[in-house]
Amino acid sequence: MNFAGSTHIHLSAVLELRDSSIRVQVPTYKSYNLIGNFYTKRIQHRARGILETSTVFQKSNTKFLVNATSGHPLESEPKAYPNTPWNSAKNALDAFYRFSRPHTVIGTALSIISVSLLAVEKLSDISPLFFIGVLEAVVAALFMNIYIVGLNQLSDVEIDKVNKPYLPLASGEYSTLTGIMIVTSFSIMSFWLGWVVGSWPLFWALFVSFVLGTAYSINLPLLRWKRFALVAAMCILAVRAVIVQLAFYLHIQTHVFSRPAVISKPLIFATAFMSFFSVVIALFKDIPDIEGDKIFGIKSYTVRLGQEKVFWTCISLLEMAYGVSILVGATSPYAWSKVITVLGHSVLASILWIRAKSIDLKSKAAITSCYMLIWKLFYAEYFLIPLIR
C-alpha cells in the first residue's frame with residue numbers, strides 16, 4: 001500500500017478504526033495523512049513499550065545471572081537500601097562482609113579452636129586461661145586473614161571483574177585507596193596483638209602467613225606466586241595445613257598451658273588430613289575462575305589440564321583422605337572415638353561422592369556451589385579432629 005496517495009481524488013470513503021470501536025467518515029484526500037499519523041503514533045508507542053520491557057528484562061536477567069554464576073551462599077551480591085544513616089551502615093557492613101571472604105574467616109576460626117582443643121588433656125584444662133588464649137589466637141589470625149584476602153583482591157581487581165564481580169573492589173563499592181587502608185590497618189593490628197600477647201608460636205604463625213600471603217598475591221618482580229600452579233598450591237598448603245595445625249597447637253600447649261612441646265597422634269593426623277584438604281582447596285578454587293584466569297594469563301592447573309580432570313582429581317584426593325581417616329578412627333583404643341570418627345568420615349565421604357556425581361561441569365554456578373560444599377566439609381572436619389584419640 002502506498003501511503004503517499006494522490007490528492008486529486010475527490011470521492012468519499014469510510015475508514016473503520018477498530019482499535020477504539022469508533023466509526024469515522026473522512027474525505028479520501030485526508031485519509032492517507034490520517035492513517036499515516038495514526039499508525040506512526042501506534043508504532044512509536046509500541047516501540048517504546050517493547051524497548052522499556054526489554055530494558056527491564058535485561059536488568060532483571062543481569063541480576064539473575066550474577067546470582068546464578070556467583071554461587072556463593074556466604075557471599076551474596078550487594079544489597080541496595082534506601083539512603084538513610086542506618087541503611088548506609090548496613091551497606092558498609094555488607095560490603096566489608098564480602099571483602100573479608102566469610103568462608104575463609106569461618107574456616108580460620110574453626111581450625112584454630114579445633115586445634116587448640118587437641119592440647120586439652122583433662123577437663124580442668126578448660127579454664128578462663130584457655131579461653132583467653134584461644135580468643136587471642138583467633139582474633140590475631142582473623143586480622144591477618146583479612147589482610148591476605150584483601151591484598152589478593154587489590155591485586156586481582158581486573159580478574160575479579162570477570163570471575164567475582166560481586167566483590168567490593170571489583171564492583172566499585174570500594175576504591176583502591178579504601179582497600180589499601182583496610183589491609184594495612186588489619187596487618188598492623190594483627191602483628192600488634194601477636195606482639196602484646198607474647199606468644200612466639202602465635203607471632204611466627206602470623207609472620208609466616210603474612211610473608212606467604214603477600215608473595216602469593218602482590219604483583220612485584222619474583223612474587224605473585226599465584227601465577228604458578230604448584231607454588232600457589234604449596235603456599236595454601238603451608239598456611240592451612242602446617243602453620244595452623246602446628247603453630248596454634250604450640251601456642252596453647254607451650255604459652256597457655258606452659259607444657260613442653262609434644263607432637264601427638266591427633267596432631268599428626270590433623271596435619272596430614274588438612275594437607276590433602278588444602279591441596280584440594282588450592283586446586284578447586286580455580287575451576288570456576290577459568291575464564292578470568294585464561295584472559296589474564298594465570299596458568300592454573302585448571303587452565304592447563306581442563307576443568308573435568310582437575311575436578312575429579314580433587315574429588316579422588318578427598319575420598320582417599322576420608323578412607324585413611326576411617327582406618328585411623330578404627331584403630332582408636334577408645335570405643336566412643338572409634339564410632340564417631342568412622343561414622344562421621346563415612347557420612348562426609350558419601351555426601352561428597354553423591355554431590356560430585358550430580359555436578360554439571362558446564363555450569364559455573366554448579367561448580368562454585370560444589371566448591372562451597374568442600375568448604376563446609378572442611379568446617380565439619382574440624383568438629384571431628386578433636387575426637388581423634
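The values are calculated or read from the model by the stated rules, or taken from the named source; none is laboratory data. As the structure is a computational prediction, the values presented were derived from the model and not from experiment. Note that we place each Cβ from the backbone using ideal geometry, even for glycine, and neighbour counts take in every protein chain shown.
Consider A365 carefully, then state whether it is surrounded by fewer than 21 Cβ atoms within 10 Å (Cβ to Cβ), under 22 Å from the mean Cα position of the chain (by Cα), farther than 26 Å from F228 by Cα and hydrophobic (A, V, I, L, M, F, W, C). No, not satisfied. Restricted to segment 141-166, and to residues there that are of a type in the set (F, W, Y) and under 20 Å from A215 (Cβ atoms), the residue that is surrounded by the fewest Cβ atoms within 10 Å (Cβ to Cβ) is F143.
Among the residues making up segment 128-140, those that are more than 26 Å from the chain's Cα centre (by Cα) and surrounded by fewer than 18 Cβ atoms within 10 Å (Cβ to Cβ) are P128, L129, F131, I132.
Residues that are β-branched (V, I, T) and in contact (Cβ under 8 Å) with a residue 12 or more places away in the chain were ranked within segment 220-243; the one that is nearest to S275 (Cα to Cα) is V242.
Here is a yes/no grid of residues against (1) among the small types (G, A, S); (2) out of contact with any Phe, Trp or Tyr (no Cβ under 9 Å at 6 or more places or on another chain):
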| residue | (1), (2) |
| --- | --- |
| I290 | no, yes |
| K338 | no, yes |
| S346 | yes, no |
| I351 | no, yes |
| F378 | no, no |
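Against the list (1) at positive phi; (2) not assigned by TED's automatic domain parsing to the domain that holds A205, the condition R101 fails is (2).
I281 passes every criterion in (1) β-branched (V, I, T); (2) touching a residue at least 60 places away in the same chain (Cβ under 8 Å); (3) surrounded by fewer than 19 Cβ atoms within 10 Å (Cβ to Cβ); (4) within 19 Å of I106 (Cα to Cα) apart from (3). When I182, I218 are checked against the criterion of being within 25 Å of I287 (Cα to Cα) and not assigned by TED's automatic domain parsing to the domain that holds D289, I218 stands alone in meeting it. Would you mind telling me which numbered condition in (1) in a helix (DSSP H, G or I); (2) buried (at least 17 other Cβ atoms within 10 Å of the Cβ) K309 fails? The failed condition is (2).
The residues on offer are S332, S316, S337, S325, and the sole one that is over 21 Å from the mean Cα position of the chain (by Cα), of a type in the set (S, T, Y) and either closer than 21 Å to S217 by Cβ or in a loop (DSSP other than H, G, I, E, B) (or both) is S332. None of I326, I243, I268 is of a type in the set (A, V, I, L, M, F, W, C) and buried (at least 19 other Cβ atoms within 10 Å of the Cβ) except I243. Going by the conditions given, is V303 in the same structural domain as A365 (by TED's automatic domain parsing), at pLDDT 90 or above and in a helix (DSSP H, G or I)? Taking the combined requirement at face value, the residue does not satisfy it.
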